[in-house]
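Novice: One structure coming up, written as structure tokens, with questions to follow.
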Ligand SMILES: Cc1cc2nc3c(=O)[nH]c(=O)nc-3n(C[C@H](O)[C@H](O)[C@H](O)COP(=O)(O)O)c2cc1C
């Protein structure tokens, strides 16, 4: 069994959340091959086949209340070069992102997918995850869990205290998708579109989740 946690990230915070989610998944399902990849790595070339994984978890930063894009990232990077040349950017910050990844989803109809974003903490901040979840569904994925937002304390971060733990806990909840058992989903199961939905129940009986020691999730990108 395989799970891919795919991120788009300009300053590295969304990537850090992706890694924490992967740890949570691996914690509950040490038997599952959990990989963390940037959207650019998946889009390629060569593109990674998305029909194979049992679960996709996809996340990006919130830019202008919505999903980030190649355009929003490259514009911000140009601004940073002018105004804050010391600012570091995540690997693949200039590459394709989740919008380009969405074009691959029709090649994997019915794949289970969950969406997350990073965003500022204000109630006026908006968030990308809901639109991303909608786009994943429109492209043919089966949404699982409720879209989740993780809070950064400023444009470049850092993440608010406790957000990595929350991401890891969310990963543990998502592991219920792989376990095929809504009983293991915790709060996720109670939510709309959660693993207790009809489509999720089609995966029941594939196995049970465990609380075994977490193996490290594999990250295929270079450290920030
Ligand atoms: C061009 C731009 C627009 C942004 N717009 C928003 C926004 O509308 N709402 C919000 O909550 N955060 C906004 N942010 C802050 C991002 O949410 C923050 O930079 C991101 O979560 C950091 O994630 P990253 O380190 O993975 O890039 C914006 C950031 C940039 C660079």
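Coordinate-derived values only; no laboratory data. These numbers come from a predicted model, not from an experiment. Heads up, the Cβs are rebuilt from the backbone with ideal geometry, glycines too, and the neighbour counts pull from every protein chain shown.
Novice: Does region 66-170 come out rounded, prolate or oblate by the C-alpha gyration tensor, with a ≥ b ≥ c the root eigenvalues, rounded set by a/c under 1.5 and, if not, prolate when a/b is larger than b/c and oblate if not?
Specialist: oblate
Novice: Counting other beta carbons within 10 Å of each Cβ, put 105, 6, 151, 21 in order, fewest first.
Specialist: Sorted ascending by nearby Cβ count, the order is 151, 105, 6, 21.
Novice: Right, next: Would you calculate the separation in nanometres between label points at residue 51 and residue 134, each defined as 7 Å from the Cα along the Cα-to-beta-carbon direction?
Specialist: About 3.0 nm separates the two model spin labels.
Novice: What share of the DSSP beta bridges in region 1-85 is antiparallel, in percent to the nearest 5?
Specialist: Once the DSSP bridges in region 1-85 are tallied, antiparallel ones form about 15 percent.
Novice: Say R0 is 30 Å: what FRET efficiency, to the nearest 0.05, do residue 124 and residue 31 get from their beta-carbon distance?
Specialist: That pair, residue 124 with residue 31, gives E of 0.10.
Novice: Take 117, 80, 31 and order them by how many other Cβ atoms sit within 10 Å, fewest up front.
Specialist: Ranked by crowding around the Cβ, least crowded first: 31, 80, 117.
Novice: Sort region 1-71 into rounded, prolate or oblate with this rule: let a ≥ b ≥ c be the square roots of the eigenvalues of the Cα gyration tensor; rounded if a/c is under 1.5, and if a/c is not under 1.5, prolate when a/b is larger than b/c, oblate otherwise.
Specialist: It comes out oblate by the Cα gyration axes.
Novice: Using a 10 Å cut-off around each Cβ, can you sort 152, 142 from fewest to most neighbouring Cβ atoms?
Specialist: Ascending number of Cβ neighbours within 10 Å: 142, 152.
Novice: Sticking with this one: Run the numbers for residue 81 and residue 103: contour at 0.36 nm per residue of separation, minus the present Cα-Cα distance, in nm.
Specialist: Here the segment from residue 81 to residue 103 would lengthen by 4.9 nm.
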